[in-house]
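Q: I have a structure I would like to understand better, so I am pasting it below and will then ask my questions one at a time.
The values are calculated or read from the model by the stated rules, or taken from the named source; none is laboratory data. The structure displayed is predicted, hence computed values, not measured ones. Here the Cβ positions follow ideal geometry from the backbone for every residue, glycine too, while neighbour counts run over all protein chains shown.
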Amino acid sequence: MISYLVGPQMLNLLGVAILVLALAMLGLRGFNRSLNVYAMHSLLLAIVTAITGYNVANMHVYVAAVATIIIKVVAIPLIMIKLVSTMRVRQESRLLVNAPTSFIIAIGLMMLASHMARLTMPGQSPFETMLTVGIAVSMFGMLLIVLHKDAVIQVIGLLTMENGFFLVGLILTGGMPFFVEVGIFFDILLTSLLLWVYLRRMNFELKSTNTMHLNQLRG
């Protein structure tokens, strides 16, 4: 369990900021804005990771924080920007429901996340608070995938969901084993490259990244 040397208030504040940014993504339709919010979201996650490394006095967690910045804040956004610049894609994604409805769904998911965190860590604030944030962010990422029709935004939803999983693992373990962290980051980078190939192929075949057009591939 993590022993907090840095005040829990700071971590709670960062957790709220991470949650708000993830919630904001649900109301965004523009690719560039969504990608910018994802990069800021990942930067805050890196800061939380670094603070956790300081609290547990584990250099491996510092390495994970640096890797988060390199891969999630820099590399993945550059890959996505390069991808979109080479394709003719809509600058705005279409939502299956309107923004107010998506926020209502998100509030319900947040309540569910809070309940799950209480069952896992009853009465252990701020652990419970950060765990709630991690679970909620994972759910918000999944909701992004479901609500958006454009595959590019869905990729951002997948990456956001992974951010939530990472935060949950960080809180539950107090810093995952080093080789596990390295493996996760390589998996993320490889997944991003595979999605890059998939989106390029989809755009080449359908002249669009709208997933509603995938039924055109049926024989």
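Q: Which members of region 150-181 meet the condition of being at pLDDT below 80, within 28 Å of Leu83 (Cβ to Cβ) and touching a His at 6+ places or on another chain (Cβ under 9 Å)?
A: Glu181
Q: List the residue pairs whose Cβ atoms are under 8 Å apart, where the first residue sits in region 10-27 and is free of Cβ contacts under 8 Å to residues at least 24 places away in the same chain, the second is of a type outside the set (Asp, Glu), and the two are 6 or more positions apart or on different chains.
A: The qualifying pairs are Leu21/Val37; Leu21/Met40; Leu21/His41; Leu21/Leu44; Ala24/Val37.
Q: If you go through region 12-57 one residue at a time, how many are over 23 Å from Asn98 (Cα atoms) and outside any helix (DSSP H, G or I)?
A: Number of matching residues: 1.
Listed here are the residues, each with its yes/no results for (1) crowded, with 18+ Cβ neighbours inside 10 Å; (2) more than 24 Å from Leu172 (Cβ to Cβ); (3) at pLDDT below 85; (4) in contact with a helix residue (DSSP H, G or I) (Cβ under 9 Å, 6 or more places away or on another chain).
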residue: Met59; (1), (2), (3), (4): no, no, yes, yes
residue: Ile76; (1), (2), (3), (4): yes, yes, no, yes
residue: Met80; (1), (2), (3), (4): yes, yes, yes, yes
residue: Ser85; (1), (2), (3), (4): no, yes, yes, no
